[in-house]
Amino acid sequence: WLAIFHAAALGDGASCIVLPGLSGSGKSTLAAALLQFGFEYLGDETILLQRDNGRIVPLPGPLCLKSGSWPALAAYHPTLDTWPIYHRWGQSVRYLLPRSTDPDRSWPVRALIFPRYVPGGATVLQPIAATAALQYLMAADTRLPQPLMAANVNTFLAWLSGVPAYTLTYDSLAEAVTAVRELLLNESQEPNREPN
């Protein structure tokens with residue numbers, strides 16, 4: 001692998017978006033909501049980036065939803081309150097297992113979006129430079145092959161410089177979903193957009 005992200009990943013047609021973040025960032029909540037808008041579930045927590053082509057490989061284990069996310073997700077998953085409750089690391093959680101995807105398909109990354117749930121904050125989607133994206137990835141527990149070799153690091157940095165990256169702070173889940181969907185719609189309408 002070129003890298004292993006602590007993230008959620010969702011397919012969007014021919015490409016995918018990756019939502020890196022530590023526990024509590026709101027990435028799983030956002031991913032669970034976006035699934036209701038035609039996105040394909042590729043995985044949560046552990047996202048694998050292939051070394052040879054810079055694509056994401058699906059690893060779709062269950063999406064873990066902590067109790068704090070349940071009220072916000074009720075509008076997107078109306079039967080959520082009937083799902084079994086489990087206890088993981090001292091927290092009450094429910095698991096969402098979306099339909100499976102083709103395990104042999106790999107996905108080019110259309111965008112990195114770093115979500116951060118901020119109670120009472122405004123919804124702000126902001127483009128960031130590759131250097132800032134690298135800092136956010138490292139803070140989100142991204143792992144690179146060990147021992148670090150110059151060739152691997154250079155390949156990863158070259159990949160990262162070609163992927164649009166954004167931060168997304170939000171309090172309203174509905175606004176966050178709209179911001180992501182509008183971003184992807186606007187990108188797809190840009191003339192002469194280079195494919196990944």
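The values are calculated or read from the model by the stated rules, or taken from the named source; none is laboratory data. Source: prediction; values computed, not measured. For neighbour counting, all protein chains shown are included, and Cβ atoms are generated from backbone atoms with ideal geometry for every residue, glycine included. Surface areas here come from the heavy atoms of the whole protein model, side chains and all, with no ligands, DNA or RNA. Shrake-Rupley method; radii C 1.70, N 1.55, O 1.52, S 1.80 Å.
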Just for the stretch 49-59: of the residues that are out of contact with any Leu (no Cβ under 6 Å at 6 or more places or on another chain) and in a loop (DSSP other than H, G, I, E, B), which one is least open to solvent (accessible area, probe 1.4 Å)? Gly54
Candidate set: the stretch 37-48, residues that are surrounded by fewer than 19 Cβ atoms within 10 Å (Cβ to Cβ) and touching a helix residue (DSSP H, G or I) at 6+ places or on another chain (Cβ under 9 Å); chosen: the one farthest from Arg94 (Cα to Cα): Phe37
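Of all strands (runs of 3 or more DSSP E) completely enclosed by the stretch 83-157, which ones contain at least 1 residues that are without any contact (Cβ under 8 Å) to a residue 60 or more places away in the chain? Explain how you work it out, then say what you get.
Working: elements: 86-88, 91-96, 107-117, 124-128.
Counting at least 1 such residues, we get 86-88, 91-96, 124-128.
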For the stretch 11-20, give me the residue count where each residue is closer than 24 Å to Leu134 by Cα and either out of contact with any helix residue (DSSP H, G or I) (no Cβ under 8 Å at 6 or more places or on another chain) or modelled with pLDDT under 95 (or both). 5
Here the qualifying pairs (Cβ atoms under 7 Å; residues six or more apart or on different chains; first in the stretch 35-48 and under 12 Å from Gly11 (Cα atoms); second among the acidic types (Asp, Glu) and at pLDDT below 95) come out as Phe39/Asp12
With criteria (1) part of a loop (DSSP other than H, G, I, E, B); (2) open to solvent by less than 10 Å² (accessible area, probe 1.4 Å); (3) among the small types (Gly, Ala, Ser), Ser25 comes up short on (2)
Hey, Glu182 hits all of (1) at pLDDT 95 or above; (2) surrounded by 13 or more Cβ atoms within 10 Å (Cβ to Cβ); (3) out of contact with any strand residue (DSSP E or B) (no Cβ under 7 Å at 6 or more places or on another chain) but one; which does it fall short on? (2)
Could you tell me whether the stretch 45-63 includes any residue that is within 17 Å of Pro115 (Cβ to Cβ) and touching a Gly at 6+ places or on another chain (Cβ under 6 Å)? no
Of the residues that sit in the stretch 110-132 and are touching a Phe, Trp or Tyr at 6+ places or on another chain (Cβ under 8 Å) and within 19 Å of Arg51 (Cα to Cα), which one is surrounded by the most Cβ atoms within 10 Å (Cβ to Cβ)? Leu112
Against the condition polar (S, T, N, Q), assigned to a loop (DSSP other than H, G, I, E, B), at negative phi and without any contact (Cβ under 8 Å) to a residue 60 or more places away in the chain, how does Ser69 come out, does it pass? no
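Suppose we filter the stretch 145-170 for residues that are surrounded by 14 or more Cβ atoms within 10 Å (Cβ to Cβ) and at pLDDT below 95; how many remain? It would help to see each step written out before you state the result.
Taking the stretch 145-170 as the starting set, the residues that turn out to be surrounded by 14 or more Cβ atoms within 10 Å (Cβ to Cβ) are 145, 152, 155-156, 159-160, 163-170.
Adding the requirement that they be at pLDDT below 95 leaves 145, 152.
Residues flagged as surrounded by 14 or more Cβ atoms within 10 Å (Cβ to Cβ) and at pLDDT below 95 within the stretch 145-170 amount to 2.
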